[in-house]
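Participant: Handing you a structure now.
Each value in this text was obtained by applying a stated rule to the coordinates, not by laboratory testing. Everything numeric in this text was worked out from a predicted model, so none of it was measured. In this analysis, Cβ positions are derived from the backbone assuming ideal geometry, glycine residues included, and neighbour counts consider all displayed protein chains.
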Amino acid sequence: IALVLADFLWIPYPTRDLPHPPWLDALAKAPPGLLLDVPGGHRARGAEDMYFQTIHRRPIAGGYVSCIPPAMEKRVEDFPFLKLLFEGRPKVALDAAGIERELRRVLGELPVSVVVLHLDRERERLEARRAGARGTPLERLSNPEKGTPARVIGATRAALRRIWGPPLFADGAAEVYGRP
């Protein structure tokens, strides 16, 4: 009996609230179809997107996989813009005009109907948040490697506004764009 009681001494176990950002509710007004998270990914960068998918229930481009299928590797290789989104430190050099050109290609050739632009995933924001949380459990939740440089996010934002118009939803953390 003493061993059983000792085994449960940790109750209540420390937990944290599950995130439910406002942009998830804004998806109800977005057109149905494939959702592209910018930045997103197909490894650890996509794990959070898969969690959000359980709430919004839309198909997503990306998500966590332990082994990338060859067809997916080829698709990402064919679209340099996807490399910018899916890889932590891609070997892709695209200026703002190149980002817009490649984004137009992705939106033209893939059945993406919604883009969620995660402003809170800028690498610089994550680095600042990690520095502010140094020495606390929150430090590991702010991993800059899961982010994308602010210049890429900014160029993508400008391109999305030119291609699809203003966002359906915007706050300081995310913007939701729907195919017109």
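Participant: Per-residue ellipticity at 222 nm for the chain, helices alone: DSSP H runs ≥ 4 residues times -39500 (n - 2.57), over residue total, nearest 500 deg cm²/dmol?
Facilitator: It comes out at -12000 deg cm²/dmol, rounded to the nearest 500.
Participant: Any idea which of Ala6, Val106, Pro149 is furthest toward the positive side of the dipole for the chain, if Lys and Arg beta-carbons carry +1 and Asp and Glu beta-carbons -1?
Facilitator: Of the candidates, Val106 comes out farthest on the positive side.
Participant: Once the Cβ-Cβ distance between Thr136 and Thr15 is put in as r, and R0 is 22 Å, what FRET efficiency do you end up with, to the nearest 0.05?
Facilitator: 0.90
Participant: Let me know the charge dipole size of the chain about its Cα centre in debye, to the nearest 20, where only the beta-carbon of Lys, Arg (+1) and Asp, Glu (-1) is charged.
Facilitator: Rounded to the nearest 20 debye, it is 360 debye.
Participant: Ok, one more. How far apart, in nm, are the 7 Å Cα→Cβ label points at Met72 and Lys29?
Facilitator: Label at Met72, label at Lys29, 3.3 nm between them.
Participant: For Lys146, list the lysines whose Cα falls under 21 Å from its own Cα; do not include residues on the same chain fewer than 8 positions away.
Facilitator: Lys83, Lys91
Participant: Can you work out the Karplus-derived ³J(HN,Hα) for every residue in region 101-118? Use 6.51 cos²θ - 1.76 cosθ + 1.60 with θ = phi - 60°, whole Hz, and x for glycine or proline.
Facilitator: 4, 5, 5, 4, 5, 4, 5, x, 9, 10, x, 7, 10, 9, 10, 9, 8, 8
Participant: Would you mind getting me the FRET efficiency between Lys83 and Arg57? Use the beta-carbon distance for r and R0 = 25 Å, nearest 0.05.
Facilitator: The computed FRET efficiency comes out at 0.35.
Participant: Once you sort the root eigenvalues of the Cα gyration tensor of the chain as a ≥ b ≥ c, which label holds: rounded (a/c under 1.5), prolate (a/b larger than b/c) or oblate (the other case)?
Facilitator: Because a/c hits 1.5 or more and a/b exceeds b/c, the chain counts as prolate.
Participant: Additional query: Which is farthest toward the positive dipole end of region 83-143 among Val92, Leu126, Val116, measuring Cα position about the Cα centre, with Cβ charges +1 (Lys, Arg) and -1 (Asp, Glu)?
Facilitator: Highest projection toward the positive end goes to Leu126.
Participant: Ranking request for peptides 153-165, 65-77, 11-23: highest mean number of other beta-carbon atoms within 10 Å first, then the rest in descending order.
Facilitator: With the highest mean Cβ count within 10 Å placed first, the list reads 153-165, 65-77, 11-23.
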